[in-house]
Amino acid sequence: MLSHSRWHAHALSFIWEDIIMKGLITALLVTTASFAGLAGTVQAQTMEKVFFLLPNTTTIRFESRDAPFFVEAMKGMRPNTEIVVQNAQGDPQQQQRQIEDAISQGAKLILLTSADANLIAGGLAAAQAANVPVVLYDHDAVGGKAEAHVVFDSLAVGQAQGKRAAELINTMAKSPVKVARIKGNQGEYGTGQYEKGQNEFIQPLIDAGKVTVVCEQYTQNWDPTLAQSFAEDCLTKNGGDVDVFVGMNDGTTGGSVAALISQGFKPGDKVVTGGQDATVEALRYVAQGWQDNSVLKDLKVEATEAAKVVSSILDGKGVPKNLVNGTVNNEFADVPAILLPVENITKDNLGDVVKKGVWSWKEICQGIESTEVCKTNM
């Protein structure tokens, strides 16, 4: 039997052993949790970021369609990549700051739709200095390095617009046909190509005396409100005697439609053509007879092709050569281009956008269910 003093010492040793063991377990748990937290921190810090910088909110497709499609495509290809979407609100200086901020946040790549192609060189230079690759999306960007340019074939868009305008003009008995041309943002690659493509068909009609251009103007930042003001001024200046409005996208054609509505005209009184993007608003105008056409650019295809390019660059494989089918000169270099096909949409083939899954008949016909095309297809 243990003496009282020996028993007391033995008991104390058990107590201390228990305290030490519990302390070790607690310390181990704390250390393990700390390492787990540290691992999470490291993972958060090393998770690659891609910034998708949008140009404005006046061209509504970028926020409502392109950005969600790109995020969706990237989620399928690189689920651990964080996509940060920011909009410059039409302000080139704000976009410059966004580029600099993206660099400071450790961007692995910037997908850029320039707010103003002619005022983006500083941003491109900053990205190049920081070794952050830039991929151009839709709009061009002048005066700096870019890895690739994902864009619909701009010349083909202009040709589709010009061909359709010429077809409509040639059906008119009067001569000359009075035309107002509402162009895109001056100095952009796209605007230049649309104009070149349109001119292939419109210029011969001008030369032959079949067409007289009574008004002609570029539209800063593709702003539909500026397009509307110009169309209204043109109508006023010509006493309403304007036969055809030729735009370059659904914003500029939409401005013409708004001008006609504001001045009391009805669908079909004037021809409005030269749309592109196949926005749901433009397709409603087509269904109602306000607008003749819109060139369909399947934005899901564009966003998906951009995601393929971005993923390949992030993998260290560069721009996929099998996707490149042209170049775009941005006054710094010939940028490898992924030029995508387009299709002209009129009332006769409006269903094509539904077949391609771009819009549903329910979306197109919302609020205009009584039109013939909607009654037929709803």
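The values are calculated or read from the model by the stated rules, or taken from the named source; none is laboratory data. Predicted model only: the values in this text are computed from it and were never measured. Every residue, glycine as well, gets a Cβ built from its backbone with ideal geometry; the counts of neighbours run over all protein chains shown. What goes into the accessible areas is simple: the full protein's heavy atoms, side chains included, and nothing from ligands, DNA or RNA. Shrake-Rupley method; radii C 1.70, N 1.55, O 1.52, S 1.80 Å.
Is it the case, given these coordinates, that Q161 is farther than 15 Å from V310 by Cα, polar (S, T, N, Q) and touching a helix residue (DSSP H, G or I) at 6+ places or on another chain (Cβ under 7 Å)? Even if it seems obvious, please write down each step before you answer.
Numbers: farther than 15 Å from V310 by Cα: yes; polar (S, T, N, Q): yes; touching a helix residue (DSSP H, G or I) at 6+ places or on another chain (Cβ under 7 Å): yes.
It is true that Q161 is farther than 15 Å from V310 by Cα, polar (S, T, N, Q) and touching a helix residue (DSSP H, G or I) at 6+ places or on another chain (Cβ under 7 Å).
Only one of Y194, Y137 is under 21 Å from V319 (Cα atoms) and among the aromatic types (F, W, Y). Can you tell me which?
Only one candidate passes the filter, namely Y137.
For the list (1) under 20 Å from the mean Cα position of the chain (by Cα); (2) farther than 18 Å from I110 by Cα, I need the number of the one condition that D348 fails.
Among (1) under 20 Å from the mean Cα position of the chain (by Cα); (2) farther than 18 Å from I110 by Cα, the lone unmet condition for D348 is (1).
Only residues in the range 179-191 that are more than 11 Å from T252 (Cβ to Cβ) count as the first member; pair them with residues that are of a type in the set (D, E) and not in a helix (DSSP H, G or I), Cβ under 9 angstrom, at least 6 apart or cross-chain, and list the lot.
V179/E216; V179/D243; G187/D116; E188/D116; E188/D140; Y189/D140; G190/D138; G190/D140
If I ask for residues that are part of a helix (DSSP H, G or I) and surrounded by fewer than 15 Cβ atoms within 10 Å (Cβ to Cβ), which ones from the range 84-93 would you list?
Q93
On the basis of being within 27 Å of A259 (Cα to Cα), part of a strand (DSSP E or B) and open to solvent by 50 Å² or more (accessible area, probe 1.4 Å), does K178 make the cut?
When the stated conditions are applied, K178 passes them.
Could you grab me the full set of residues in the range 207-231 that are open to solvent by less than 40 Å² (accessible area, probe 1.4 Å), free of Cβ contacts under 8 Å to residues at least 60 places away in the same chain and under 11 Å from G254 (Cα atoms)?
A227, A231
List every residue pair whose Cβ atoms sit under 6 Å apart, with the two residues 6 or more apart in sequence or on different chains, where the first one lies in the range 127-145 and is open to solvent by 30 Å² or more (accessible area, probe 1.4 Å) and the second, anywhere, is basic (K, R).
Cβ pairs passing all conditions: Q128/K145.
What are the residues in the range 215-247 that are out of contact with any Cys (no Cβ under 8 Å at 6 or more places or on another chain) and β-branched (V, I, T), if any?
Once the filter is applied, which keeps residues that are out of contact with any Cys (no Cβ under 8 Å at 6 or more places or on another chain) and β-branched (V, I, T), the range 215-247 yields T219, T225, T236, V244, V246.
Could you look through the range 312-342, keep only residues that are small (G, A, S) and either open to solvent by 50 Å² or more (accessible area, probe 1.4 Å) or more than 18 Å from the chain's Cα centre (by Cα) (or both), and pick out the one that is nearest to G247 (Cα to Cα)?
G326
Would you pick out the residues in the range 109-126 that are open to solvent by 20 Å² or more (accessible area, probe 1.4 Å) and either assigned to a strand (DSSP E or B) or charged (D, E, K, R) (or both)?
Hit for the range 109-126 is D116, nothing else.
Residues in the range 289-310: is at least one touching a Lys or Arg at 6+ places or on another chain (Cβ under 8 Å), of a type in the set (S, T, N, Q) and either open to solvent by 20 Å² or more (accessible area, probe 1.4 Å) or outside any helix (DSSP H, G or I) (or both)?
Among the residues of the range 289-310, at least one is touching a Lys or Arg at 6+ places or on another chain (Cβ under 8 Å), of a type in the set (S, T, N, Q) and either open to solvent by 20 Å² or more (accessible area, probe 1.4 Å) or outside any helix (DSSP H, G or I) (or both), which makes the answer yes.
Cβ-Cβ distance below 7 Å, separation of 6 or more or different chains: which pairs start in the range 101-113 with a residue that is under 17 Å from N87 (Cβ atoms) and end on one that is open to solvent by 10 Å² or more (accessible area, probe 1.4 Å)?
Sorted first by the residue in the range 101-113, then by its partner, the pairs are Q105/K49; A107/K49; A107/V132; I110/V132; T113/D138; T113/H139.
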